[in-house]
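> Got a structure for you, written out below as structure tokens; questions coming shortly.
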Amino acid sequence: QVQLVESGGGLVQAGGSLRLSCAASGRFININTMAWYRQASGKPRELVATMTSGGTTGYADSVKGRFTISRENAKNTVHLQMNSLKPEDTAVYYCNAGVVVNFPPVPDDYWGQGTQVTVSS
């Protein structure tokens, strides 16, 4: 019913930038919080950044000042601008969204398929 499709991953040198995008499609009423998580090889998935429908943002300490999350609510899209990338940012990045598909308006959790970000030193 609801799909999240990420794009924008790839290989970049340390100090470089990448912009990830995630678009939601399908039948739903609205989207609450959208977020980006990442999972490095052999490590648990961790929260990177969040943004509510009202525009409130939150960031992991490790990415503050380097990453910026933004949304285009009319397009049901969330972006993650990643600057000053470091090798330790290498991971699979996942889009996450709390999506209301029906009444009562309780959001369900949806995930994208993930996109690989590799930062070389």
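> With a 1.4 Å probe and all protein chains in place, put Asp89, Asp108, Asp61 in order of accessible area, largest first.
Values: Asp89 0, Asp108 65, Asp61 125 Å².
Sorted descending by solvent-accessible area, the residues read Asp61, Asp108, Asp89.
> Also, I was wondering about something else. How much accessible area per residue does the chain have, counting only protein heavy atoms and a probe of 1.4 Å, in square angstrom?
On the way: 6330 Å² over 121 residues.
For the chain, the per-residue accessible area is 52 Å².
> Please arrange Thr118, Thr77 by accessible surface area, largest first, computed with a 1.4 Å probe and ligands excluded.
Solvent-accessible surface, decreasing: Thr118, Thr77.
> Can you compute the charge dipole magnitude of the chain about its Cα centre, using +1 on each Lys and Arg Cβ and -1 on each Asp and Glu Cβ, nothing else charged? Give it in debye, rounded to the nearest 20. Let's see the in-between values first.
Working: 10 positive and 8 negative charges, 32 e Å.
In total the dipole reaches around 160 debye.
> Looking at the chain, send over the antiparallel percent of its DSSP beta bridges, to the nearest 5.
Details: 41 of 45 bridges.
Antiparallel: roughly 90 percent of the beta bridges in the chain.
> Once Lys and Arg get +1 and Asp and Glu get -1 on their Cβ, which of Asn96, Gln13, Tyr110 lies farthest toward the positive end of the dipole of segment 4-121?
The residue sitting farthest along the positive end of the dipole is Gln13.
> Please report the relative contact order for the chain, taking Cα pairs under 8 Å with a sequence separation of at least 6, and give it as a percent rounded to a whole number. Working shown, then result.
Working: 305 pairs, mean separation 43.3, N = 121.
So the answer I get is 36 percent.
> Then there is this: Quick one: with all protein chains in place, what share of the accessible area of the chain is carbon or sulfur, to the nearest percent (1.4 Å probe)?
Values: 3100 of 6330 Å².
Here carbon and sulfur together make up 49 percent of the probe-accessible area.
> Strictly greater than 25 Å: what percent of every Cα pair in the chain meets that?
On the way: 1449 of 7260 pairs.
Here the tail beyond 25 Å accounts for 20 percent of pairs.
The values are calculated or read from the model by the stated rules, or taken from the named source; none is laboratory data. The shown structure was predicted, so the numbers you read here are calculated from the model rather than taken from an experiment. For neighbour counting, all protein chains shown are included, and Cβ atoms are generated from backbone atoms with ideal geometry for every residue, glycine included. For accessibility, only protein heavy atoms count, side chains too; no ligands or nucleic acids. Shrake-Rupley method; radii C 1.70, N 1.55, O 1.52, S 1.80 Å.
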